[in-house]
Amino acid sequence: MDSDLFAKLSAYPHVVVSWIDDDGYPVQTAARFRADAEKGEVRIGRTGLPLPDDREVNVVASHIRPQPGTGYDQRRYLSLWGRLHGDGDEMVLRPARVWGWDEAETPFFEYVERSNVQARRYMHALSVERGEEVKPRLSPVWTFLLATRLPFLTATIVPILLGIAVAARDGYFSWWLALLTLVGGAAIHIGLNTANDIFDALSGADEANYTPTQFSGGSRVIQRGLLTLRQMCALSAGAYVVGISIGVTLVLARGSLELLAIGLLGVALSVFYTAPPLRLVHRGLGEVTTALGFGPIMVLGAYVVQAQKLSWEAFVVSVPVAILIALVLYVNEIPDRYSDGSVGKRTLPARLGRVAVTRGFLIAALAAFAVVLVAAAFGIIPRPAIIALGALPLAWKVYRGIKAYYTSPYELMATMGQNVQMHLVVGLALFAGYMIAELASAVLDSPPALLV
Amino acid sequence: MSWIPAPVDELLAAALVCEMTVVGAKGQPVTHPLLPLWDGERVYVTSSVLFSRKLEHIKRDGKVSVAITDPVACGGLATRCTVQGDARVFEDDPHETWTRILPLWRAKEPAIDFFLGKRFALPLFFERSLIEITPRRVLWWEDGNVESAPSVATPEGAGHG
């Protein structure tokens, strides 16, 4: 037991000494105590119940702070085992083993994640005892929502809407093609999310991650026993089958080789993002892969479905969205950097230091906004799309958040949320820019240059 | 009428934390700080499957004791006590069985409803077993002075000092 632990123990007002009495029942008494770090001893004051010196005792110090109306907080405890020996009026313990938890040091959510193995072990034992599977229950809707990480589909919806908007401005628009593109893109995205969880479970990356958040560390449905690896594989395969089937339908319906090439590249990037042999995210290429997949591939794909040709404008408008979605991954990888690195998943935050990662974010975010500014100023994209620059303060907020909470996964959560929001706001603002330009052209005979 | 002495009854009803000791695999004491719930006859604690080693110990040996010693966690009550008893684990359905003591839990920790509403985020935390402890002997120090001998009460006889 080190001096730090003695110092921590000294902060408690009393201890509880427990032992097993001759009748086999535990018995306990509170006691005054003094922790002597120099001698490595805990000296326990006189108690009305005689303390034993012929058996092991467990000395526990615990603390909570009552919070009327809610319950309590500041949970912490230290538990020491060993044998007591008398020394004058006092009984002395030289701890043989120590255990404890302090939620200020190990947040509750991390403590829970660290205990997943025990939970699975216990539920397995219950299953064997009963002859039927005992597993955690969650409604199918919640399980699907968690497993697919459905809220993150905004990463697909934004670029597809943009591709459709660019095509509509060029005079190509079909509702059913737009709908099929959205559903197909969403299915491939779900396939990617679930495949990512499968390969992270197989590599041990998610198991090694004790500080997942709602933005990082995977869906955890496998680690929490909500779905088996096999069920997750079925879900992933099902999503890919739907997505690829829709893709094939669109290629056949539109007879476009460009679309075939984009579709094949998109599916390949999605699969090999975490799947061997390429495992792009393990090689520090996750951001580039994500940028390509959720940027040019989605925007151009959606455009080609409508227009049956490629478009420079669609490519240009995809660039800021590509950079910002790559930054979503980049920031979400910050809390996972140690667990990812421990299993060879060498993401950029796992490779780079704190300063480089933080500066890298700022440079990339500013680059995304610069593309919007230049493209709108030169009329490559509609000028009203410049409203996307309104999200610049969000970039600054995220930068400040990364700087402040780089080492605190749970405190970084709000920043990760703002980062996701930045991608969504910029994407929707660009889309709104197209809508404003369309409306202006439809309503005004000669709309001013600022509106087109 | 319960044989539990009034000061101990009051303490059990107020306490936000207890130290529950179970008999470990090698016969050693293993103590866990927990939220004690009291219905006037029995002490209840619940355990998530995440922190289920205590359940394994209780299933092997149901002899337990519960100490309440922290005045700060008992609304300022100075009394201290140790309740020895026999524990049973109820876990027919770890998803639901424990919820029968939810009113007692809610009374001490109102925030539990908030967390229960976010069950999807902590699915394993809310897969729980209910531990019911039937008291067989109570030791208590009414003035909180543990340097004096405790008063003792058992179901067979009145409490005595």
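Exactly one condition in (1) more than 20 Å from B:V17 (Cβ to Cβ); (2) out of contact with any Pro (no Cβ under 9 Å at 6 or more places or on another chain); (3) facing another protein chain (nearest Cβ under 8 Å) is false for B:H95; which is it?
(2) is the only condition that B:H95 fails.
Test A:S139 against the criterion of being in contact with a helix residue (DSSP H, G or I) (Cβ under 9 Å, 6 or more places away or on another chain), hydroxyl-bearing (S, T, Y) and modelled with pLDDT under 95, and give yes or no. Reasoning before the result, please.
Details: in contact with a helix residue (DSSP H, G or I) (Cβ under 9 Å, 6 or more places away or on another chain): yes; hydroxyl-bearing (S, T, Y): yes; modelled with pLDDT under 95: yes.
Taking the combined requirement at face value, the residue satisfies it.
I'd like to check something: does region A:202-210 contain any residue that is within 13 Å of chain B (Cβ to nearest Cβ) and either hydrophobic (A, V, I, L, M, F, W, C) or out of contact with any strand residue (DSSP E or B) (no Cβ under 9 Å at 6 or more places or on another chain) (or both)? Outline the logic, then answer.
First, the residues of region A:202-210 that are within 13 Å of chain B (Cβ to nearest Cβ): A:210.
Subsequent filtering for residues that are either hydrophobic (A, V, I, L, M, F, W, C) or out of contact with any strand residue (DSSP E or B) (no Cβ under 9 Å at 6 or more places or on another chain) (or both) retains A:210.
Yes; the residues of region A:202-210 include at least one that is within 13 Å of chain B (Cβ to nearest Cβ) and either hydrophobic (A, V, I, L, M, F, W, C) or out of contact with any strand residue (DSSP E or B) (no Cβ under 9 Å at 6 or more places or on another chain) (or both).
Yes or no, residue by residue, for (1) within 23 Å of B:L124 (Cα to Cα); (2) at pLDDT 95 or above:
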residue: A:I198; (1), (2): yes, yes
residue: A:A205; (1), (2): yes, no
residue: A:S216; (1), (2): yes, no
residue: A:L227; (1), (2): yes, yes
residue: A:M232; (1), (2): yes, yes
residue: A:G238; (1), (2): no, yes
residue: A:V241; (1), (2): no, yes
residue: A:A253; (1), (2): no, yes
residue: A:L260; (1), (2): no, yes
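Kindly provide the set of residues from region B:61-113 that are in a loop (DSSP other than H, G, I, E, B) and exposed (fewer than 15 other Cβ atoms within 10 Å of the Cβ), ordered by number. Before the answer, list the steps.
Step one: of region B:61-113, the residues in a loop (DSSP other than H, G, I, E, B) are B:61-62, B:69-70, B:75-79, B:91-96, B:109-111.
Across region B:61-113, the qualifying residues are B:G75, B:G76, B:A78, B:D92, B:D93, B:E96, B:P110, B:A111.
Okay, residues lined up against (1) more than 24 Å from the chain's Cα centre (by Cα); (2) within 22 Å of A:A291 (Cα to Cα); (3) within 14 Å of chain B (Cβ to nearest Cβ):
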| site | (1), (2), (3) |
| --- | --- |
| A:L162 | yes, yes, no |
| A:A168 | yes, no, no |
| A:A187 | no, yes, no |
| A:F199 | no, yes, no |
| A:S245 | yes, no, no |
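Of all residues in region B:5-14, how many are touching a residue at least 40 places away in the same chain (Cβ under 8 Å) and either of a type in the set (G, A, S) or surrounded by 21 or more Cβ atoms within 10 Å (Cβ to Cβ) (or both)? Spell out how you get there, then give the answer.
So in region B:5-14, the residues touching a residue at least 40 places away in the same chain (Cβ under 8 Å) come out as B:5, B:7-8, B:10-12, B:14.
From the residues that got through so far, the ones that are either of a type in the set (G, A, S) or surrounded by 21 or more Cβ atoms within 10 Å (Cβ to Cβ) (or both) too are B:8, B:11-12, B:14.
Summing the residues that are touching a residue at least 40 places away in the same chain (Cβ under 8 Å) and either of a type in the set (G, A, S) or surrounded by 21 or more Cβ atoms within 10 Å (Cβ to Cβ) (or both) in region B:5-14 gives 4.
Which condition does B:I58 not pass, out of (1) more than 7 Å from chain A (Cβ to nearest Cβ); (2) aliphatic (A, V, I, L, M); (3) farther than 17 Å from A:G24 by Cβ; (4) in a helix (DSSP H, G or I), if it passes all the others?
Only one criterion in (1) more than 7 Å from chain A (Cβ to nearest Cβ); (2) aliphatic (A, V, I, L, M); (3) farther than 17 Å from A:G24 by Cβ; (4) in a helix (DSSP H, G or I) is unmet by B:I58, namely (3).
Consider region B:99-115. How many of its residues are in contact with a strand residue (DSSP E or B) (Cβ under 9 Å, 6 or more places away or on another chain) and within 11 Å of chain A (Cβ to nearest Cβ)?
7
Check B:L116, B:L130 and return the single one that is surrounded by fewer than 22 Cβ atoms within 10 Å (Cβ to Cβ) and modelled with pLDDT under 95. Steps first, please.
On the way: B:L130 fails: modelled with pLDDT under 95.
Within the list B:L116, B:L130, the selection yields B:L116.
Would you confirm whether any residue within region B:144-152 is modelled with pLDDT under 95 and not in a loop (DSSP other than H, G, I, E, B)?
no
For residues in region B:116-143 being within 17 Å of B:L77 (Cβ to Cβ) and facing another protein chain (nearest Cβ under 8 Å), which is nearest to the chain's Cα centre (by Cα)?
Step one: filter region B:116-143 for residues within 17 Å of B:L77 (Cβ to Cβ), giving B:138-143.
When the remaining residues are screened for being facing another protein chain (nearest Cβ under 8 Å), the result is B:139, B:141.
Working: B:L139: 15, B:W141: 18 Å.
Among residues in region B:116-143 that are within 17 Å of B:L77 (Cβ to Cβ) and facing another protein chain (nearest Cβ under 8 Å), the one nearest to the chain's Cα centre (by Cα) is B:L139.
Specify which of the listed residues (B:T31, B:T46) is buried (at least 24 other Cβ atoms within 10 Å of the Cβ), at pLDDT 95 or above and outside any loop (DSSP other than H, G, I, E, B). Lay out the reasoning, then the answer.
On the way: B:T46 fails: buried (at least 24 other Cβ atoms within 10 Å of the Cβ).
Result of the check over B:T31, B:T46: B:T31.
Among the listed residues A:L428, A:L394, A:L412, A:L424, identify the single one that is over 18 Å from A:V372 (Cβ atoms) and surrounded by 16 or more Cβ atoms within 10 Å (Cβ to Cβ).
Working: A:L428 fails: over 18 Å from A:V372 (Cβ atoms); A:L394 fails: over 18 Å from A:V372 (Cβ atoms); A:L424 fails: over 18 Å from A:V372 (Cβ atoms).
Going through A:L428, A:L394, A:L412, A:L424 in turn, just one is over 18 Å from A:V372 (Cβ atoms) and surrounded by 16 or more Cβ atoms within 10 Å (Cβ to Cβ): A:L412.
Given the options A:A442, A:A388, name the one that is modelled with pLDDT under 95 and part of a helix (DSSP H, G or I).
None of the others qualify; the one that does is A:A442.
Restricting region B:69-80 to residues that are of a type in the set (V, I, T) and facing chain A (nearest Cβ under 9 Å), which is nearest to B:E109 (Cα to Cα)?
It comes out as B:V72.
Kindly list, by first and then second residue, each pair from a residue in region A:117-139 that is more than 8 Å from every other protein chain (Cβ to nearest Cβ) and outside any helix (DSSP H, G or I) to a residue that is exposed (fewer than 14 other Cβ atoms within 10 Å of the Cβ) and among the hydrophobic types (A, V, I, L, M, F, W, C), limited to pairs with Cβ atoms under 8 Å and residues at least 6 apart or on different chains.
Filtered contacts from region A:117-139: no entries.
Do any residues in region B:15-36 that are without any contact (Cβ under 8 Å) to a residue 60 or more places away in the chain have Cβ atoms under 8 Å from those of residues that are part of a loop (DSSP other than H, G, I, E, B) and of a type in the set (G, A, S), where the two are at least six apart or on different chains, and which pairs are they?
The qualifying pairs are B:V23/A:G24; B:V30/B:G24; B:P36/B:A15.
The values are calculated or read from the model by the stated rules, or taken from the named source; none is laboratory data. All values derive from a computational prediction rather than experimental measurement. Note: ideal-geometry Cβ built from the backbone for every residue, glycine included; neighbour counts use all protein chains shown.
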